[in-house]
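Have a look at the structure below before the remarks.
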């Protein structure tokens, strides 16, 4: 019988909650739900609803692969690091576009807080991936 570390379930549950909120944000933005978009300024709405398809795809991969990886982590599955790696890659690609390649740059539309949010989300994705890799290396995942 393997000894499951006490923290494995709470971290996995936190990952699921994190990616569920990310998925909600993605869906509400892509479906252009008026009540949700009312939280943003007109320039912000235009910015986030007109980005190139490849950036939307990277964001989608970041969100949905992350949710899948988090669910796999919740069930102690050793395959969890794979979708979590894809999630980090998707978030990283989107973050680089928002920060350095978009026209206008995200900071011009959202201010510095937007950059903090996108890079914090990317960092969180990285941390969940690292956590899953470490747990797999320690044979804590089945």
Among the candidates 46, 60, residue that is touching a helix residue (DSSP H, G or I) at 6+ places or on another chain (Cβ under 8 Å) and part of a helix (DSSP H, G or I) = 60
Residue 88 passes all but one of (1) within 21 Å of residue 118 (Cβ to Cβ); (2) without any contact (Cβ under 8 Å) to a residue 40 or more places away in the chain; which number fails?
-> (2)
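Which ones in the stretch 68-84 are surrounded by fewer than 20 Cβ atoms within 10 Å (Cβ to Cβ) and within 15 Å of residue 125 (Cα to Cα)?
Within the stretch 68-84, the first condition is being surrounded by fewer than 20 Cβ atoms within 10 Å (Cβ to Cβ), and the residues that meet it are 68, 71, 74-79, 82.
Selection gives 68, 71, 82.
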Could you list all residues from the stretch 89-142 that are outside any helix (DSSP H, G or I) and either touching a helix residue (DSSP H, G or I) at 6+ places or on another chain (Cβ under 9 Å) or closer than 20 Å to residue 68 by Cβ (or both)?
-> 102, 104, 105, 140, 141, 142
Select from the stretch 41-59 the residues that are surrounded by 13 or more Cβ atoms within 10 Å (Cβ to Cβ) and free of Cβ contacts under 8 Å to residues at least 60 places away in the same chain and list them in ascending order.
-> 45, 48, 49, 51, 55, 56, 57, 58, 59
Across the stretch 8-23, what is the total count of residues that are exposed (fewer than 13 other Cβ atoms within 10 Å of the Cβ) and touching a helix residue (DSSP H, G or I) at 6+ places or on another chain (Cβ under 9 Å)?
-> 1
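No lab work stands behind these numbers, since they all come straight from the coordinates. Remember, predicted model here, so these are calculated numbers, not experimental data. Cβ: placed from backbone, ideal geometry, glycine included. Neighbour counts: every protein chain shown.
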